[in-house]
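Report on one structure; see the data block that follows.
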Amino acid sequence: MSTARPGGRIGSALGIPLRAARLAMDGVRAEPAGLVVAAGFYLVVALALSGVWRSAAEASGGSIVGYSTTALVWYIATSEAAVMSLPFRLIDDIGVDIGSGRFASEMLRPASALAVRVGGELGRLVPRLAAIGATGVALGLLTGGRPPDAAALALALPALLLALATNLLAQHAFAAIAFWVLDARSTWFLYQKLVFVLGGMLLPLEVLPDPVAAVARLLPFSAMAYVPARLASGHFEPELLLVQAFWLVAIGFVAHLVFRAGERHLVVEGS
Amino acid sequence: MRALRLTWSSAWQEARANRSSFWFQVAIMVVNDLVWIVFWALFFNRVDQVRGWDLDQVIVLFAVLTTSAGLVLGLMSNVRRIGELVSSGGLDAVLVLPVPPLSHILSRRVETVHVGDVFFGPLLFALAGHPNPTRTAVFVFGVVCATLILCGFLVVMGSTAFLLGRNEAADLGFHAVLLFSSYPVDLYGAMTRVFLYAVIPAAFVTSVPARLVEHFSPGWAAATAAVAVVVAGLGLAAFTAGLRRYTSGAAWSSA
């Protein structure tokens, strides 16, 4: 069991989450079988979905809503990587920890419990993203061919990191419902579906009817899958990174406020 | 048989103990399933037909999938935990009971959220599957076969933990069969299609039953029934053979 080094308030506030990140990263790296499964599952999902869109593009004369077959493969490879690099049931897990009282014990640390949790998840994310990202690039090259635009693909990497960080914070903000609702376990299904459709994980937002697509672009979910996928599919639109940065800050702030309110409200039912 | 019926009945009552939570979770799954229907509606709004599949056929495919997956993952939800129970030595509690271990495990736990699928699938077929007596009979036949195949395959995958001592293969098999079953098999490339008919029987879980509802073929119906019997039998054989290798975890569990 690790202990925090004594230090100033600021040192603890940053040091403990960083230490949590490092420990979590080491934990994931020590279990390579888990990484293989994650990459394998990603491969299955991305293969299946990109196959569906390739068939659709072929049936429509080689492109659909402005995306060529190659662009669609890179779109799906990236959108799936953006979502699948994070644990599926994170919202459920956080809810269980809040409901069981485990989260209350984390509040005893001399650092923000939210920051420590986010730090740990970021640490877990790094090796998963490396495994899934490498698989995604191989999938894109082998089934789609060369990426449509190298400059846009270069932008997709920071966009992917911003997408993951935004999604991570949003899941924490969403899971905070467990502070007030005892049985919020299944709400992760709903969150997931919002990212799937309005976030553009299953389909480019251009496929949606125009009014729905316009609304989807105004919501934070598009920053979590659509933006990096749009860039990787050859659309050089650097302004999309600014949209992501905005949502990262906004959702981070909301998560901070909701957790602070939740911690005040917390009633431990026994653990 | 009576013991198993009572076991399942108590699992069902346990799942329904908190009524509001039960219906909330059922509703969540129904909404979840509806999102997939929205996805397919949007998809076929852009392309009328892909490799012989249109929206109506995909709706039948999805009705078969949700009903059979709901029956397996909802009403026999421990089927997903076989690998975990084996690798953690958690079968001890079952082995001392005077009932067949596999049947007991399968009937011991009900997963509420997947019960939503059991409601959704038949309702979807009734509302959008153009039911008539023949189509309904074939739909029921397809669901029965799909349920047997899905259950048998998951038991086989879970039983790999007897050999490997780990649960990862079972996990991957679970995700793969469900995922590949979610899309019409003809959308995949030739090699993948062979794989989905011969290795992971996803084609027989949804695509073949859905096609039978549209265009019934006695030959394909017989093949589907045969695959269902074989895969279910393989599940039983794999679990029985695996039990001979099982070594106790010396831990009392909640299997």
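Within chain A, the whole DSSP H helices whose Cα atoms reach 27 Å or more along their own axis and whose mean Kyte-Doolittle score is at least 0.5 are A:32-59, A:113-139, A:150-175, A:239-265. Only helical runs count toward this figure. For chain B, summing -39,500 (n - 2.57) over DSSP H runs of n ≥ 4 and dividing by all residues gives -23500 deg cm²/dmol at 222 nm.
Long hydrophobic helices in chain B, taken as whole DSSP H segments with a C-alpha length of 18 Å or more on their own axis and mean Kyte-Doolittle hydropathy at least -1.0: B:2-15, B:19-46, B:55-69, B:112-128, B:133-164, B:168-181, B:218-245. This ranking places A:I98, B:I59 by how few other beta-carbon atoms lie within 10 Å of each, fewest first, which gives B:I59, A:I98.
Could you tell me the relative contact order of segment A:56-173? Use alpha-carbon pairs under 8 Å, at least six residues apart, and round to a whole percent.
Working: 64 pairs, mean separation 49.2, N = 118.
In percent, rounded to a whole number, it is 42.
Which order results if A:V116, B:V155 are arranged by neighbouring Cβ count within 10 Å, fewest first? Don't jump to the answer; show the numbers that get you there.
Numbers: A:V116 21, B:V155 26.
Starting with the residue having the fewest Cβ neighbours, the order is A:V116, B:V155.
Ranked by how many other Cβ atoms sit within 10 Å of their own Cβ, fewest first, the residues A:H265, A:H256 fall in the order A:H265, A:H256. Which of these, A:L86, A:L194, A:L168, has the largest mean-square fluctuation under a Gaussian network model of chain A (Cα springs below 10 Å)? So, out of A:L86, A:L194, A:L168, the one fluctuating most is A:L194.
Comparing mean-square fluctuations of B:V213, B:V99, B:V229 from a GNM of chain B with C-alpha springs under 10 Å, the top value falls on B:V99. Label the protein assembly as shown by shape, choosing from rounded, prolate and oblate, from the square roots a ≥ b ≥ c of the eigenvalues of the Cα gyration tensor; if a/c is under 1.5 it is rounded, and otherwise prolate applies when a/b is larger than b/c, oblate when it is not. Because a/c hits 1.5 or more and a/b fails to exceed b/c, the protein assembly as shown counts as oblate. With contributions of -39500 (n - 2.57) from each DSSP H run of at least four residues, the per-residue ellipticity at 222 nm computed over chain A stands at -23500 deg cm²/dmol.
Using a cutoff of 8 angstrom between alpha carbon atoms and counting only pairs six or more residues apart, the relative contact order for segment B:100-231 works out to 29 percent.
FYI, it's all coordinate maths here, none of it is from the lab. In this text, all values refer to a predicted model and were calculated from it rather than measured experimentally. Neighbour counts run over all protein chains shown; Cβ positions are idealised from the backbone, glycine included.
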